[in-house]
Amino acid sequence: MNVVETVEAYCRQHSLFQPGETILIACSGGPDSLALLDILARLRPDYNLRLAVCYVHHGIRDAADEEVRFVRQEAEKRACPFICRRTDVPALAAQERASLEAVGRRERYRLLREEKGRLGAAAIAVAHHQDDQAETVLLHLLRGSGLAGLGAMRPQAGDVVRPLLGITRGEIDAYVKERNLTPRHDETNDSVQFTRNRIRLELLPALRQYNPSVVGDLNRLAQIAQAEDDCMAQWASRLYEAHVRPCPGGAGVEKKWFLSQPAALQRRLVRLLCRNATGTERDIPFHYVETIRELACKGAGKQFQTGSVTAYTTKAGLCVVVSQGVKGRRRKKK
């Protein structure tokens with residue numbers, strides 16, 4: 001199969017598009033996103049898709065002004081409406097004392113979702129591919145992630161679809177050359193200031209010396225982790241529904257039963273209890289989870305409090321509730 005056929009088969013396998021949908025394409029003018037635009041334009045008749053293109057100007061690079069013009073022209077060549085959204089990432093990063101990388105990603109998706117809503121689009125298409133997936137697996141591995149992190153990026157995550165996740169950067173470069181496309185180069189991709197860039201420019205080339213097929217193998221690891229994470233999540237959810245009971249401000253579980261479960265399920269149940277109390281698991285790192293698990297081995301009256309949740313024991317139970325003073329958080333039952 002050629003690249004377009006491979007992408008079409010991948011989209012069909014994962015049901016990324018439905019006939020007649022509007023898809024917003026995130027395009028920066030680089031080789032990956034330009035190839036995405038060109039491929040989806042060629043696939044448009046097969047799905048009767050309506051395509052729109054959005055460039056997010058982060059306010060970081062002077063060259064972005066020319067890229068806006070370039071992407072507009074490429075969109076118009078393919079009869080796609082074009083939108084440019086602007087934000088000042090350096091100012092926001094300085095104000096929040098956060099990294100350009102993190103703020104840029106957040107702002108990009110915020111603006112893309114605003115345009116998606118305005119257009120009534122079904123999804124946002126981004127140009128992540130197998131090399132990006134390998135980098136993401138390594139990034140999460142270095143951070144000590146669990147199964148969910150090793151699963152890295154999914155073909156579809158909420159309103160984001162990744163049609164190119166079944167092909168490599170090499171295949172994209174060959175496609176760009178074959179189609180005589182003239183993508184723009186973002187010089188920030190060459191900077192080792194950013195962690196992901198260091199992984200791409202330094203770590204992956206080093207790993208290829210040990211395993212030339214490392215990109216494909218890391219992608220396979222992601223697929224395995226995704227499937228096993230889904231299985232464990234479903235298992236934990238069923239146990240949660242069967243054994244967790246509400247208590248004031250949160251929910252609880254019988255300690256004896258909880259301790260009879262494998263450690264992996266205990267950890268997931270703790271996270272579900274935290275989500276029930278606060279609506280999120282983001283503020284519950286691994287060491288908090290372990291501390292809450294350890295409470296189940298103790299008698300009544302023991303307590304552990306974080307900024308968002310409080311876990312405590314009764315004679316027979318382990319309860320997790322929203323911490324006093326936490327406002328504006330919506331509790332929801334799993």
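The values are calculated or read from the model by the stated rules, or taken from the named source; none is laboratory data. These numbers were taken from a predicted model, which means no experiment stands behind them. Backbone-built Cβ (ideal geometry, glycine too); neighbour counts: all protein chains shown. With ligands, DNA and RNA removed, areas are computed over all heavy atoms of the protein, side chains included. Shrake-Rupley method; radii C 1.70, N 1.55, O 1.52, S 1.80 Å.
Would you mind stating whether Leu51 is in contact with a helix residue (DSSP H, G or I) (Cβ under 9 Å, 6 or more places away or on another chain), more than 25 Å from Asp190 (Cα to Cα), in a helix (DSSP H, G or I) and open to solvent by less than 60 Å² (accessible area, probe 1.4 Å)? Taking the combined requirement at face value, the residue does not satisfy it.
Condition test on Glu101, is it open to solvent by 40 Å² or more (accessible area, probe 1.4 Å), out of contact with any helix residue (DSSP H, G or I) (no Cβ under 9 Å at 6 or more places or on another chain) and among the acidic types (Asp, Glu)? Here the answer is no, as Glu101 does not meet what is asked. Has the stretch 21-37 got at least one residue that is modelled with pLDDT of 95 or more and either farther than 16 Å from Leu164 by Cβ or in contact with a Gly (Cβ under 6 Å, 6 or more places away or on another chain) (or both)? Yes; the residues of the stretch 21-37 include at least one that is modelled with pLDDT of 95 or more and either farther than 16 Å from Leu164 by Cβ or in contact with a Gly (Cβ under 6 Å, 6 or more places away or on another chain) (or both). Contact map, the stretch 165-189: residues that are closer than 23 Å to Gly59 by Cα paired with residues that are assigned to a helix (DSSP H, G or I), Cβ distance under 7 Å, separation 6+ or inter-chain. Pairs shown: Pro183/Pro31; Pro183/Leu34; Pro183/Val176; Arg184/Glu67; Arg184/Phe70; Asn189/Asn197. Of all helices (runs of 4 or more DSSP H) completely enclosed by the stretch 198-279, which ones contain at least 2 residues that are open to solvent by 80 Å² or more (accessible area, probe 1.4 Å), at pLDDT 95 or above and of a type outside the set (Lys, Arg)? Because the criterion is at least 2 residues that are open to solvent by 80 Å² or more (accessible area, probe 1.4 Å), at pLDDT 95 or above and of a type outside the set (Lys, Arg), the helices (runs of 4 or more DSSP H) in the stretch 198-279 that meet it are 204-210, 214-243. Is it the case, given these coordinates, that Ile292 is in a loop (DSSP other than H, G, I, E, B) and surrounded by 19 or more Cβ atoms within 10 Å (Cβ to Cβ)? The answer is no for Ile292. Here the stretch 297-312 is the region considered, the condition is being open to solvent by less than 10 Å² (accessible area, probe 1.4 Å) and modelled with pLDDT of 90 or more, and the residue that is nearest to Pro285 (Cα to Cα) is Val309.
Look at the stretch 71-83: where a residue is over 22 Å from Pro45 (Cβ atoms), no partner that is of a type in the set (S, T, N, Q) and open to solvent by less than 10 Å² (accessible area, probe 1.4 Å) sits 6+ places away or on another chain with Cβ atoms under 6 Å. Condition (residue is under 23 Å from the mean Cα position of the chain (by Cα) and either closer than 30 Å to Val289 by Cα or modelled with pLDDT under 95 (or both)) applied to the stretch 160-174: is it met by at least one residue? Yes: the stretch 160-174 contains one or more residues that are under 23 Å from the mean Cα position of the chain (by Cα) and either closer than 30 Å to Val289 by Cα or modelled with pLDDT under 95 (or both).
Return yes when Arg184 is open to solvent by 40 Å² or more (accessible area, probe 1.4 Å), part of a loop (DSSP other than H, G, I, E, B), more than 19 Å from Ala35 (Cα to Cα) and of a type outside the set (Gly, Ala, Ser) and no when it is not. Criteria not met by Arg184.
Taken residue by residue, the stretch 115-138 has no member that is buried (at least 20 other Cβ atoms within 10 Å of the Cβ), among the small types (Gly, Ala, Ser), at pLDDT below 95 and in a helix (DSSP H, G or I). Please tell me if Asp46 is out of contact with any Phe, Trp or Tyr (no Cβ under 8 Å at 6 or more places or on another chain), more than 19 Å from Arg179 (Cβ to Cβ) and surrounded by fewer than 16 Cβ atoms within 10 Å (Cβ to Cβ). Considered against the rule, which asks whether it is out of contact with any Phe, Trp or Tyr (no Cβ under 8 Å at 6 or more places or on another chain), more than 19 Å from Arg179 (Cβ to Cβ) and surrounded by fewer than 16 Cβ atoms within 10 Å (Cβ to Cβ), Asp46 comes out as no.
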